[in-house]
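Below is one structure, written out as structure tokens, with a few remarks after it.
The values are calculated or read from the model by the stated rules, or taken from the named source; none is laboratory data. Everything numeric in this text was worked out from a predicted model, so none of it was measured. Glycine gets a Cβ as well: all are built from the backbone with ideal geometry, and neighbour counts include every protein chain shown.
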Amino acid sequence: MNLNGLPYVIEPMQLPDVAEVMEIERLSFPSPWSARAYRYELQENNLSHHLVARPQRPLAKKEPGFLDRLQRSLGAAASPGVSILGYGGFWLMAGEAHISTIAVRPEWRQRGIGELLLVAMLERAVELGGDVATLEVRVSNVAAQSLYHKYGFAKVGLRPRYYSDGGEDALIMTTKHLTSAAFQSAFQRLKAELRQKLVERFSPQPQEVLDSPSTIP
Ligand SMILES: CC(C)(COP(=O)(O)OP(=O)(O)OC[C@H]1O[C@@H](n2cnc3c(N)ncnc32)[C@H](O)[C@@H]1OP(=O)(O)O)[C@@H](O)C(=O)NCCC(=O)NCCS
């Protein structure tokens, strides 16, 4: 997707991103992956593809957090500002892009970033020869299911008691063929709508507004 003029960039996740990814991971999932798991995915798993969404420029943290204050009192540099707003990853195996994770900073949700990440992952999967995309999602996760449904994922099965924390069931959701005319025509339309939404919402705003997500209408 052409990101020119948008306030976000999408880039491959790199090892130095893991600390900030972990911050979002802990805020987003009851059973977060470990930093070690992310490092493994980035360094050793050739099937794995991870992306991050960043603001065009790093954002200052509004209030110094406990760790910043502690680091400062110990004479260490405060943690840098926010440079990752969300991330997503998939494994590509035998033509199947298995979306393994997607998360957005809680205070930046419902601004199109999750959708942008999903679009970027589906585009990358097609570039790499992916034929279909699939994933598991908690039966209670209405927000994520709605995002997937919007992008043509349909429920194809259930994994009973899939999640070890509490034994919640997982829905299995899968797309049609990613290169089919039916999928691509809906996908191109959704991308155009997303781009327009992001431009309309953010472009007229001064860059400073990005520092205060709560002031965005
Ligand atoms: C799921 C998640 C990544 C969505 O990211 P987001 O940036 O908030 O989503 P977007 O603003 O791009 O919304 C895109 C679509 O998602 C759906 N959606 C997002 N938030 C929703 C909500 N709170 N309720 C219902 N639908 C929602 C809608 O279909 C929306 O499209 P619309 O704007 O046309 O209604 C985010 O809620 C999140 O990080 N959740 C915690 C982690 C998680 O559950 N990941 C999924 C694991 S399977």
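Tell me whether region 174-187 contains one or more residues that are in a strand (DSSP E or B), surrounded by fewer than 19 Cβ atoms within 10 Å (Cβ to Cβ), in contact with a Leu (Cβ under 7 Å, 6 or more places away or on another chain) and modelled with pLDDT of 95 or more.
No, region 174-187 has no match at all.
Is it the case that some residue within region 44-55 is aliphatic (A, V, I, L, M) and modelled with pLDDT under 90?
The answer is no; no qualifying residue exists.
May I ask you to verify whether Glu63 is modelled with pLDDT of 95 or more and either under 17 Å from the mean Cα position of the chain (by Cα) or not in a strand (DSSP E or B) (or both)? Talk me through it step by step, then tell me what you get.
Numbers: modelled with pLDDT of 95 or more: no; either under 17 Å from the mean Cα position of the chain (by Cα) or not in a strand (DSSP E or B) (or both): yes.
So Glu63 fails the test.
Scan region 186-200 and report the pairs whose first residue is more than 20 Å from Gln56 (Cα to Cα) and whose second residue is within 12 Å of the ligand (Cβ to nearest atom) and aromatic (Phe, Trp, Tyr), with Cβ atoms within less than 7 Å and a gap of 6+ or a chain change.
Leu190/Tyr151
Give the residues of region 85-124 that are within 7 Å of the ligand (Cβ to nearest atom) and in a strand (DSSP E or B), sorted by residue number.
Correct list: Gly86, Thr101, Ile102, Ala103, Val104.
Can you find, within region 125-154, the residue that is farthest from the ligand (Cβ to nearest atom) among those that are of a type outside the set (A, V, I, L, M, F, W, C) and touching a strand residue (DSSP E or B) at 6+ places or on another chain (Cβ under 6 Å)?
For region 125-154, the residue satisfying everything is Gly130.
So which of Leu128, Leu135 is closer than 20 Å to Ile102 by Cα, free of Cβ contacts under 8 Å to residues at least 60 places away in the same chain and out of contact with any Asp or Glu (no Cβ under 7 Å at 6 or more places or on another chain)? Steps first, answer last, please.
Values: Leu128 fails: free of Cβ contacts under 8 Å to residues at least 60 places away in the same chain.
The conditions single out Leu135.
If a residue has to be among the aliphatic types (A, V, I, L, M) and away from the ligand (no atom under 16 Å from the Cβ) to count, how many in region 28-43 make the cut?
Keep residues of region 28-43 that are among the aliphatic types (A, V, I, L, M), which gives 35, 37, 42.
From what's left, away from the ligand (no atom under 16 Å from the Cβ): 35, 42.
Residues that pass the stated criteria total 2.
Just for region 90-149: of the residues that are under 23 Å from Tyr40 (Cα atoms) and β-branched (Val, Ile, Thr), which one is surrounded by the fewest Cβ atoms within 10 Å (Cβ to Cβ)?
The extreme case among them is Thr134.
Say we look at region 125-156 and pick out the residues that are assigned to a helix (DSSP H, G or I), closer than 16 Å to His177 by Cβ and not charged (D, E, K, R); which of these is farthest from the chain's Cα centre (by Cα)?
My answer is Val126.
For Arg159, indicate whether it is under 22 Å from the mean Cα position of the chain (by Cα) and charged (D, E, K, R).
Working: under 22 Å from the mean Cα position of the chain (by Cα): no; charged (D, E, K, R): yes.
Against the criterion (under 22 Å from the mean Cα position of the chain (by Cα) and charged (D, E, K, R)), Arg159 does not qualify.
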